[in-house]
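Trainee: Sharing a structure, written as structure tokens. Questions coming.
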Amino acid sequence: MNKESKVAERIRAYREKLEMSVADLAANSGVDEKVIQSIEAGEVIPALGVLTKISRTLGQRLGTFMDDQFKPDPIITRAAENDGQDDVSARVNGWGYSARSLAPGKPDRQMDPYHLELPAGGQGMESSHEGEELVICVSGQIELAYGGETTVLGPGDTAYYNSVVKHAIRAVGGKPASAYGVVFLPL
């Protein structure tokens with residue numbers, strides 16, 4: 001089973017468990033009903049912002065829909081494993097960057113940690129959701145648009161913010177960038 005169908009099946013299963021129609025999920029999450037239908041049909045994989053809205057509405061954390069398997073604690077992600085890890089977000093999200101989970105298989109986590117690769121010239125897509133985020137720039141330069149302000153982060157710089165405020169990140173300076181990000185979504 002591929003990731004597209006896993007995400008689709010999990011969203012549909014949690015929605016049905018709550019006896020919620022697609023129209024109900026759309027109305028409660030703010031995600032267009034046709035988008036949810038396309039997601040559940042396995043035609044598209046939702047961007048992280050869309051999946052965040054759906055997961056919150058269904059009372060689940062983001063990783064519930066993205067994890068491949070359960071692993072017992074501690075979750076160790078070796079650099080070599082991370083390099084080859086399948087990355088759903090890079091293929092379909094409109095954010096212009098890829099995000100690889102650093103805790104795949106941990107179903108009870110309270111945070112979602114990611115390794116982010118931002119290509120040169122990528123466009124950041126605005127997002128807004130409950131919770132908090134931490135971004136740690138590893139290489140290159142990353143522009144953080146937060147509310148009406150922009151800030152450029154360099155290697156070693158961090159940004160910690162309330163993610164209910166509209167925000168976006170992208171590589172600037174004509175070169176790719178990489179970062180670690182942690183998303184906390186309270187249930």
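The values are calculated or read from the model by the stated rules, or taken from the named source; none is laboratory data. This is a predicted model, so every value here is computed, not measured. Positions of Cβ are generated from backbone atoms using ideal geometry, with glycine treated the same way; all protein chains shown enter the neighbour counts.
Trainee: Answer yes or no: is there a residue in segment 81-95 that is at negative phi and modelled with pLDDT of 75 or more. Before you say what the answer is, go through the steps one by one.
Mentor: In the first step, residues of segment 81-95 are kept if they are at negative phi; the result is 81-95.
Still in the list and also modelled with pLDDT of 75 or more: none.
Within segment 81-95, none of the residues are at negative phi and modelled with pLDDT of 75 or more.
Trainee: Then there's this: Given the criterion touching a Lys or Arg at 6+ places or on another chain (Cβ under 9 Å) and on the phi > 0 side of the Ramachandran plot, identify the matching residue among G156, G105, G124. Walk me through it before giving the result.
Mentor: On the way: G156 fails: touching a Lys or Arg at 6+ places or on another chain (Cβ under 9 Å); G124 fails: on the phi > 0 side of the Ramachandran plot.
Just one listed residue meets the conditions, G105.
Trainee: Of everything in segment 177-187 that's out of contact with any Pro (no Cβ under 6 Å at 6 or more places or on another chain) and assigned to a strand (DSSP E or B), which residue is farthest from Q123 (Cα to Cα)?
Mentor: Going through segment 177-187, the residues out of contact with any Pro (no Cβ under 6 Å at 6 or more places or on another chain) turn out to be 177-181, 183-187.
The next check asks that each one be assigned to a strand (DSSP E or B); those that pass are 177-181, 183-184.
Details: A177: 13, S178: 14, A179: 16, Y180: 18, G181: 17, V183: 20, F184: 23 Å.
Ranking the qualifying residues of segment 177-187, first place goes to F184.
Each row is one residue, and each column tells you yes or no for (1) assigned by TED's automatic domain parsing to the domain that holds T52; (2) under 28 Å from S55 (Cα atoms); (3) part of a loop (DSSP other than H, G, I, E, B); (4) touching a Lys or Arg at 6+ places or on another chain (Cβ under 6 Å).
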{"residue": "H129", "(1), (2), (3), (4)": "no, yes, yes, no"}
{"residue": "C137", "(1), (2), (3), (4)": "no, yes, no, no"}
{"residue": "V152", "(1), (2), (3), (4)": "no, no, no, no"}
{"residue": "Y160", "(1), (2), (3), (4)": "no, yes, no, no"}
{"residue": "V165", "(1), (2), (3), (4)": "no, yes, yes, no"}
{"residue": "I169", "(1), (2), (3), (4)": "no, yes, no, no"}
{"residue": "K175", "(1), (2), (3), (4)": "no, no, yes, no"}
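Trainee: Filter segment 117-141 down to the residues that are surrounded by fewer than 17 Cβ atoms within 10 Å (Cβ to Cβ), over 18 Å from the mean Cα position of the chain (by Cα) and not aliphatic (A, V, I, L, M) and list them by number.
Mentor: G121, S139
Trainee: Exactly one of these conditions fails for R109: (1) surrounded by 15 or more Cβ atoms within 10 Å (Cβ to Cβ); (2) over 14 Å from the mean Cα position of the chain (by Cα); (3) assigned to a strand (DSSP E or B). Give me its number.
Mentor: Single failed check for R109: (3).
Trainee: Follow-up question, since we're still on this one. Which of the residues spanning segment 23-41 are surrounded by 12 or more Cβ atoms within 10 Å (Cβ to Cβ) and among the aliphatic types (A, V, I, L, M)?
Mentor: L25, A26, A27, V31, V35, I36, I39, A41
Trainee: Let me ask something additional. Has segment 142-162 got at least one residue that is at pLDDT below 95, crowded, with 18+ Cβ neighbours inside 10 Å and touching a strand residue (DSSP E or B) at 6+ places or on another chain (Cβ under 7 Å)?
Mentor: No: zero hits.
Trainee: Still on this structure, I have one more. Report yes if Q60 is assigned to a loop (DSSP other than H, G, I, E, B), assigned by TED's automatic domain parsing to the domain that holds V31, surrounded by fewer than 20 Cβ atoms within 10 Å (Cβ to Cβ) and at pLDDT below 85, otherwise no. Walk me through how you get there before you give the answer.
Mentor: Working: assigned to a loop (DSSP other than H, G, I, E, B): yes; assigned by TED's automatic domain parsing to the domain that holds V31: yes; surrounded by fewer than 20 Cβ atoms within 10 Å (Cβ to Cβ): yes; at pLDDT below 85: yes.
Yes; evaluated as a whole, the condition is true for this residue.
Trainee: Right, E143: in contact with a Lys or Arg (Cβ under 7 Å, 6 or more places away or on another chain) and outside any loop (DSSP other than H, G, I, E, B) or not? Can you show your working first?
Mentor: On the way: in contact with a Lys or Arg (Cβ under 7 Å, 6 or more places away or on another chain): yes; outside any loop (DSSP other than H, G, I, E, B): yes.
It is true that E143 is in contact with a Lys or Arg (Cβ under 7 Å, 6 or more places away or on another chain) and outside any loop (DSSP other than H, G, I, E, B).
Trainee: Going by the structure shown, is L102 surrounded by 14 or more Cβ atoms within 10 Å (Cβ to Cβ), within 17 Å of the chain's Cα centre (by Cα) and at pLDDT 90 or above? Spell out the reasoning first.
Mentor: Values: surrounded by 14 or more Cβ atoms within 10 Å (Cβ to Cβ): yes; within 17 Å of the chain's Cα centre (by Cα): yes; at pLDDT 90 or above: no.
When the stated conditions are applied, L102 does not pass them.
Trainee: Something else: Can you tell me which of V165, V172, V138, V152 is in contact with a Phe, Trp or Tyr (Cβ under 7 Å, 6 or more places away or on another chain) and free of Cβ contacts under 8 Å to residues at least 40 places away in the same chain?
Mentor: On the way: V172 fails: in contact with a Phe, Trp or Tyr (Cβ under 7 Å, 6 or more places away or on another chain); V138 fails: free of Cβ contacts under 8 Å to residues at least 40 places away in the same chain; V152 fails: in contact with a Phe, Trp or Tyr (Cβ under 7 Å, 6 or more places away or on another chain).
The match here is V165.
Trainee: Okay, next question. Given (1) touching a helix residue (DSSP H, G or I) at 6+ places or on another chain (Cβ under 7 Å); (2) among the aliphatic types (A, V, I, L, M); (3) surrounded by 14 or more Cβ atoms within 10 Å (Cβ to Cβ), where does M20 come up short, assuming only one miss?
Mentor: Answer for M20: the failing condition is (1).
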